[in-house]
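Single-structure report; data block below.
The values are calculated or read from the model by the stated rules, or taken from the named source; none is laboratory data. It should be emphasised that the depicted structure is a prediction, and the values quoted were computed from it without experimental measurement. Using ideal geometry, Cβ is built from the backbone for each residue, glycine included, and neighbour counts are taken over all protein chains shown.
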Amino acid sequence: MVRYVYDFTDGGRELAGLLGGKGANLAEMTRLGLPVPPGFTLTTEACRAFLTTGAEPDGLAHEVSAHLAEMEQAAGRRLGQRDDPLLVSVRSGARFSMPGMMETILDVGLHDDSVAGLAEVSGSERFAWDSYRRLVQMFGSTVMGVDASLFEEALERLKQLRGAPDNVHLDAADLSGLVETYKKLIRRETGEEFPQSPAHQLQRAVLAVFASWNSERARLYRRREHIPDDLGTAVNVQRMVFGNLGSDSGSGVAFTRDPATGRRGLYGDYLPDAQGEDVVAGIRNTVPLAELEHLDPHSYGQLREHMRTLEQHYRDLCDIEFTIERGKLWMLQTRVGKRTAEAAFTIAAALADEGLISADEALARVSGEGLARLMFPRFDASATGDPLARGLPASPGAAVGTAVFDSAEAVRRHASGEAVVLVRQETDPDDLPGMVAARAVLTSRGGKTSHAAVVARGMGKVCVCGAEDLVVDTEGRRLTTGDGTVVEEGTVLSVDGSAGTVYAGAVPLVDSAVMRRLETGTAENATEASDAVVSGITRALNRADAVRRLEVRANADTPEDAARARRFGAQGIGLCRTEHMFLGERRQLVERMILAETDTDRDCALDALLPLQRQDFTGILKAMDGLPVTIRLLDPPLHEFLPDRLDLATGVAATEARGEVPDAHDVALLDAVNRMHEENPMLGLRGVRLGLVVPGLVAMQVRALAEAVVERVRAGGDPRAEIMVPLVGDVAEFRLVRAEVHRVLAEVSAASGAPVSCPVGTMIELPRAALTAGRIAEVAEFFSFGTNDLTQTTWGFSRDDVEAAFFSAYLDKGIFTDSPFETIDHEGVGRLVEIAVAEGRAARPALETGVCGEHGGDPESVHFFHRAGLDYVSCSPFRVPVARLEAGRAVL
Ligand code: PEP
Ligand code: MG
């Protein structure tokens, strides 16, 4: 028989899939002997069964009763017992943390009779009625489906009536009146009574938590975080402990290290006389955890001890939630804590130094995505001026956008392409769509563990929270700063999540200091990018370099980019797009080549291009001396070098309409553009096809390269050029171009007296090339997968159009979880890569294989290419450190 319920004393961290993260960690803390209030966990399997059938699974109720009975026996009182009620919390807890996305119901077991008992034993009527008020409110909205704002409004009305600035100023009579109001509200909205039976409350609360797995916001969060939809959540039922029983009680959140910087030392927020939810909601401002040392030294000492135990046991940064009930410390939750990218590198290196983890584990704990984030630009410190406001630096980075004051507006403006900053007093899970849409989040309340901070950090969004001087007027859609400046919706703000500052207007961005230091290896700006982070990054990269099998090259078309890529650790150039050398002033020469009516005209244009192209190649070969440089022959449709067809036609027509004679050159150009016009240029005359139909083009490019090689050899260099043919679909195309390449190489060798030999290979960008890879490899010395085109041609998605046209709908419908242009589609495009590698190597065992599409710098794709057995990935210079890191992580 399936077992659906586990006591906290039964489980452990290894059961996280079944018990969810929270349940498994509660069991682990119980096993470690830490003070955890007793309880039990209903498994994710029970949730899945419920979600599939819509009914409570058989046997679940029975198991719950049995575990509850044990809990009651140990406590010596029953759930909801009149004179001394046992109360429980009912909380969600999925395998992967989804902060605030699902439901929680506290104080289950209270009813009209037991509220008096609670008042009696706690010695506080106010506390008892406040607890009951919380239950009716949470149960009413979460379980019974009453609009939560109706409860909020009733509470606000009462506070106004009493002139109470805060809930704390409402007395027991007020709160008992409020309970009546809430109950009436529930009756009016649902036609049902608030249930008085504790068992009934518990059962309904559990099912509501299960159902909340599929709430809109939970689905949205999962999609964003790539959490599978079919995992389900566990539910934890735990004896309530109370942090709101007076000044010797309270609740807090703590981290074993600073999750923003990674610095050592206990760190967190504490709120006296409050329940845990109050801390996270940011409703009242918390005090730093260090204050607890003065408020309750005994509990503080114990807390430090427990946190040391946890960090040693988990061998990682842990975060915890705790409550102190009348001087007694209770641990309510722990998990391996989320952290910023900066902190991840610092902590991994520190834990390795402390001997808690190995160098490989340290590498596994950082990520290319985090590194990429640290390499993003920052605000130019010399251009910031005085900040408009200061708050807590909750999630680092710099973002500029227009201020908006609610989630819906953020979503609306984002959809029309505007960058926005979401400004709220505090956020709650309903703000999630707005947070997803915003570049940055700014709140006036709440600590670094508030909802806004935790969620923004998880998303890698910039966030400043607790900017207390700001008065945020959501209704009026404006904010007022400490000095009275009013900022209306639509005003541009610059938010610095690393410093916790907010500026009016758009502050210019500069390169990140981490990036500069990685590139230059200097200590410049050491304060901005702390030494600890840079040293953590360097150590992770060194380890990755030591273990990785994949080489990392760069896509670079200029000597400057090549040199920069090399400083970032590139081991060569995997793709030099020669078309980028034909832009600017050289466009006219290309135009002459295209418009040439005779061979002589064309040769003339090509002759003019030759020295320029040679100079480009010489510079790049010099910058990459001793390392491979893969030069791709011209690829794009030629009309990309000509003026826009419509502009030309309009210009000529306008001249004619004025009765004037249009310029002969314009007419010739228009004629050529019309002749070359293609409905689907990406599937037209481009790639190898150009080389086959435009006489002299391949020869000019190869000659320029060969002469550059000779020049470099004569200068004492070590040039390692490779020639790559784009968009090949059939081996016959490749053979013809290769013959031409060899002819020119031989000519240059003969003329210069220096033998020039370059490997000649092909890009694999068409399904037909992948499927006939064995034949192509008989003549091609290397393959480079152009996964941009290969994705385009495999899916039949125009790479220039589809992302804006319908990808968001495809992502919403779950057809894919990432754009296949960003992360390689394993099943389709990836399969073609695997086939081509296998068949290519079968034909030519020494075949070199690499990838040079955008996927070469995408962390997940790098892992795929490692598994597919490629020799290298090639990506933009800035992504080189990211690819190095991920290529190392792929081995672990
Ligand atoms: C590719 O198609 O993946 C590629 C690298 O070539 P381009 O992006 O220049 O078409
Ligand atoms: Mg391509």
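Of all residues in region 681-689, none satisfies being modelled with pLDDT of 95 or more, closer than 29 Å to S876 by Cα, crowded, with 24+ Cβ neighbours inside 10 Å and away from ligand 1 (no atom under 16 Å from the Cβ). Name the residue that is nearest to ligand 1 (Cβ to nearest atom), counting only residues in region 718-742 that are farther than 15 Å from L705 by Cα, part of a helix (DSSP H, G or I) and out of contact with any strand residue (DSSP E or B) (no Cβ under 7 Å at 6 or more places or on another chain). Checking each candidate, the answer is E733. Considering only residues in region 327-340 that are modelled with pLDDT of 90 or more and under 30 Å from V514 (Cα atoms), the one that is surrounded by the fewest Cβ atoms within 10 Å (Cβ to Cβ) turns out to be V336.
Kindly check whether there is at least one residue in region 837-848 that is in contact with a strand residue (DSSP E or B) (Cβ under 9 Å, 6 or more places away or on another chain), away from ligand 2 (no atom under 16 Å from the Cβ) and either part of a strand (DSSP E or B) or modelled with pLDDT under 95 (or both). Yes, region 837-848 has at least one match. Quick check, is A408 assigned by TED's automatic domain parsing to the domain that holds T491 and surrounded by fewer than 18 Cβ atoms within 10 Å (Cβ to Cβ)? It is true that A408 is assigned by TED's automatic domain parsing to the domain that holds T491 and surrounded by fewer than 18 Cβ atoms within 10 Å (Cβ to Cβ).
Restricting V760, V779, V748 to those that are within 41 Å of the chain's Cα centre (by Cα), more than 16 Å from ligand 1 (Cβ to nearest atom) and either in contact (Cβ under 8 Å) with a residue 12 or more places away in the chain or surrounded by fewer than 22 Cβ atoms within 10 Å (Cβ to Cβ) (or both) reduces the list to V760. Scanning region 613-648 for residues that are within 16 Å of ligand 2 (Cβ to nearest atom), more than 21 Å from Q588 (Cβ to Cβ) and among the charged types (D, E, K, R) returns a single hit, R632. Within the bounds of region 31-47, is there any residue that is within 16 Å of R204 (Cβ to Cβ), under 37 Å from the mean Cα position of the chain (by Cα), surrounded by fewer than 23 Cβ atoms within 10 Å (Cβ to Cβ) and free of Cβ contacts under 8 Å to residues at least 24 places away in the same chain? Scanning region 31-47, I find no residue that is within 16 Å of R204 (Cβ to Cβ), under 37 Å from the mean Cα position of the chain (by Cα), surrounded by fewer than 23 Cβ atoms within 10 Å (Cβ to Cβ) and free of Cβ contacts under 8 Å to residues at least 24 places away in the same chain, so the answer is no. If only residues of region 675-698 that are part of a loop (DSSP other than H, G, I, E, B) and more than 16 Å from ligand 2 (Cβ to nearest atom) are counted, the one that is farthest from L610 (Cα to Cα) is E679. Residue-level analysis places T791 among those that are within 16 Å of ligand 1 (Cβ to nearest atom), under 23 Å from the mean Cα position of the chain (by Cα), in a helix (DSSP H, G or I) and among the hydroxyl-bearing types (S, T, Y). From the list L745, L736, the one residue that fits, being touching a Cys at 6+ places or on another chain (Cβ under 9 Å) and either more than 16 Å from ligand 2 (Cβ to nearest atom) or of a type in the set (S, T, Y) (or both), is L745.
Within the group S382, S367, which residue is in contact with a helix residue (DSSP H, G or I) (Cβ under 9 Å, 6 or more places away or on another chain) and not basic (K, R)?
Every option except S367 fails the conditions.
Taken together, E156, E63 contain a single residue that is surrounded by fewer than 16 Cβ atoms within 10 Å (Cβ to Cβ), in a helix (DSSP H, G or I) and out of contact with any helix residue (DSSP H, G or I) (no Cβ under 8 Å at 6 or more places or on another chain), which is E156. I need the full set of residues from region 248-277 which are of a type outside the set (D, E, K, R), in contact with a Phe, Trp or Tyr (Cβ under 9 Å, 6 or more places away or on another chain) and closer than 25 Å to G370 by Cα, in order please. Result: V253, A254, F255, T256, P259, A260, G262, L266, Y267, G268. Within region 237-257, no residue satisfies the criterion of being under 25 Å from the mean Cα position of the chain (by Cα) and not in a strand (DSSP E or B). State whether one or more residues within region 320-331 are touching a Phe, Trp or Tyr at 6+ places or on another chain (Cβ under 6 Å), among the β-branched types (V, I, T) and more than 30 Å from I537 (Cβ to Cβ). Looking through region 320-331, at least one residue is touching a Phe, Trp or Tyr at 6+ places or on another chain (Cβ under 6 Å), among the β-branched types (V, I, T) and more than 30 Å from I537 (Cβ to Cβ).
In region 258-278, the count of residues that are crowded, with 22+ Cβ neighbours inside 10 Å, under 34 Å from the mean Cα position of the chain (by Cα) and part of a helix (DSSP H, G or I) is one or more. Scanning region 83-92 finds no residues that are in a loop (DSSP other than H, G, I, E, B), in contact with an Asp or Glu (Cβ under 6 Å, 6 or more places away or on another chain) and not hydrophobic (A, V, I, L, M, F, W, C). Taking the conditions (1) outside the structural domain of D603 (by TED's automatic domain parsing); (2) at positive phi in turn, L727 satisfies each one other than (1). Considering only region 465-479, I want to know if a residue exists there that is in a loop (DSSP other than H, G, I, E, B), of a type in the set (D, E, K, R) and closer than 30 Å to T346 by Cα. Scanning region 465-479 turns up at least one residue that is in a loop (DSSP other than H, G, I, E, B), of a type in the set (D, E, K, R) and closer than 30 Å to T346 by Cα. The set of residues from region 101-137 being buried (at least 19 other Cβ atoms within 10 Å of the Cβ), over 20 Å from H200 (Cα atoms), over 40 Å from the mean Cα position of the chain (by Cα) and not small (G, A, S) comprises F127, W129.
Return the residue satisfying two criteria in turn: it lies in region 862-892 and is within 16 Å of ligand 2 (Cβ to nearest atom) and buried (at least 23 other Cβ atoms within 10 Å of the Cβ), and of such residues it is modelled with the lowest pLDDT. Give the derivation first.
Of all residues in region 862-892, those within 16 Å of ligand 2 (Cβ to nearest atom) come to 873-876.
After this cut, where a residue has to be buried (at least 23 other Cβ atoms within 10 Å of the Cβ) as well, the list is 873-875.
Values: V873: 98, S874: 97, C875: 93.
The residue in question is C875.
Can you confirm whether region 779-791 contains a residue that is at pLDDT 95 or above and at positive phi? Within region 779-791, none of the residues are at pLDDT 95 or above and at positive phi. For region 360-373, the condition holds for at least one residue, the condition being that it is small (G, A, S), at pLDDT 95 or above and surrounded by fewer than 22 Cβ atoms within 10 Å (Cβ to Cβ). May I ask you to verify whether H855 is within 16 Å of ligand 2 (Cβ to nearest atom), outside any strand (DSSP E or B) and out of contact with any Gly (no Cβ under 8 Å at 6 or more places or on another chain)? Answer is yes for this residue. Please indicate, with yes or no, whether at least one residue in region 801-824 is among the acidic types (D, E), in a loop (DSSP other than H, G, I, E, B), closer than 19 Å to R686 by Cα and within 14 Å of ligand 2 (Cβ to nearest atom). No, there is no match, as no residue in region 801-824 is among the acidic types (D, E), in a loop (DSSP other than H, G, I, E, B), closer than 19 Å to R686 by Cα and within 14 Å of ligand 2 (Cβ to nearest atom). Name the single residue, out of those in region 569-600 being within 16 Å of ligand 2 (Cβ to nearest atom) and β-branched (V, I, T), that is surrounded by the fewest Cβ atoms within 10 Å (Cβ to Cβ). So, considering only residues that are within 16 Å of ligand 2 (Cβ to nearest atom) and β-branched (V, I, T), the one surrounded by the fewest Cβ atoms within 10 Å (Cβ to Cβ) is T578.
To keep it simple, each residue is scored yes or no on (1) within 15 Å of ligand 1 (Cβ to nearest atom); (2) touching a helix residue (DSSP H, G or I) at 6+ places or on another chain (Cβ under 8 Å); (3) over 18 Å from P726 (Cβ atoms).
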site	(1), (2), (3)
I815	no, no, yes
D818	no, yes, yes
E827	no, no, yes
P845	no, no, yes
G853	yes, yes, no
H866	no, yes, yes
G869	no, yes, yes
S874	yes, yes, no
A883	yes, yes, yes
